[in-house]
Each structure stands twice: as C-alpha cells, then as structure tokens.
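The structure appears right after this line, and notes come after that.
Nothing in this text is a laboratory measurement; each read-out follows from the coordinates by a stated rule. Bear in mind the structure is a predicted one, so any value in this text is a computation, not a measurement. Cβ placement follows ideal geometry from the backbone for every residue including glycine, while neighbour counts extend to all protein chains displayed.
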Amino acid sequence: ERQAVLLEQRGKVTALSRGVVTARATYGGMTASGTVDSATEPRLRTLSITPVSGTGQLGGEVPFQVFASLEGGTVVDFTERALWTSDTESVLTILNVPGRRGLGLVVGEGGSLITAKDPLLKVTASMPFTALPKMDIVGLSVEPRSFLLGRQERQRLKLVARYEDGSSRPLNGG
C-alpha cells in the first residue's frame, strides 16, 4: 500500500501521493482522529544525502540521512523510508533496519558509492564514500569558538577532531 501522507512530529502532514488516510493521535489514554485527503502528487525537487563529507574511519559508524525537497520549499526527512545500499559492502555496510536505517558501518578501507532510494517515489540519491584508516584522535575543538546569538537565532556548531597525523575533520557534519 502506498503511503499517501507523512505525519511528522508536532502534527505536520506532508502529501506524498494521492489518497485518503485517517490520522490518529493518542495522548493521556485518549484518542482522536481526522481524515487527510491528498489530492495531488507532490513534485520532488531534490533528494540529498548528508553528511556531505562522505568519509569515515575504519571500525567506525557514520549516520547518513536523506532529505527530499518538495515543491513549495517543504523539506522532508526520508531516511526511514529509503532503501540504502553500498556498492562495495566490503568497505561500507549500510543498515536497513527500522530505527537504524542509513547507519553506515565502516568495515574496510577504500571507496564505495552510497545510494538511498525512495521506493514510493522511485527516486534515488547517491554520493561517494571513502573509508579512512583508523587513527587516534589527539584533540577536539568546537567551531565556531565564539559567537553572539540574538533572541531565537540559531547557530550550528561543528565538533572537529584532530588526528595523530595532523589532519582534522568534523565529527558531526557541522
């Protein structure tokens, strides 16, 4: 059965295909429901995988996500909907287990091509991945080191690891 709408946290509903569904919510032992009629197919603008760095250390884990940008500016997390593959599973194995979809396990050195396919909309996104040799982290920093925020402004922080060979890279994608 095709999923007509995607119900996200805080009650936001996004149309994914034509159809009628019943949305149910439970709170404090009480249940309420409503009907959602999705009259048109949304137009997908882009599908993109993050983090864009596409690297990970041997023996490590890399949590990948895939986001769909729909016409009108809506961005929807498709990570749990997608079917994930790695073209070189001896380098990177990607889980397709509910709740852990998109988690990459770096099992060997080398390169691989990661693909996330949405089975409903039949679209894919791919990116290259490089597995790096395992190195010890010798230091951490947060970037930017200092900043000023106004009321209700946001700032994304990067946790950057410094390695024994002098190289550095973000640990959280920034």
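Structure data summary
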{"quantity": "Cα-based shape type of the stretch 101-141, given that a ≥ b ≥ c are square roots of the gyration tensor eigenvalues and the cut on a/c is 1.5", "calculated": "prolate"}
{"quantity": "Cα-projected label distance for Arg43 with Thr22, points at 7 Å along beta-carbon direction, nm", "calculated": "3.5 nm"}
{"quantity": "The stretch 22-174 pair-distance distribution - Cα-Cα, 10 Å bins, rounded %", "calculated": "10, 28, 29, 22, 10, 2"}
{"quantity": "Cut-off 15 Å between beta-carbons: net charge of the residues surrounding Ser112, Lys and Arg +1, Asp and Glu -1", "calculated": "-4"}
{"quantity": "Relative packing of peptides 123-130, 97-104 - highest average C-beta neighbours within 10 Å first", "calculated": "123-130, 97-104"}
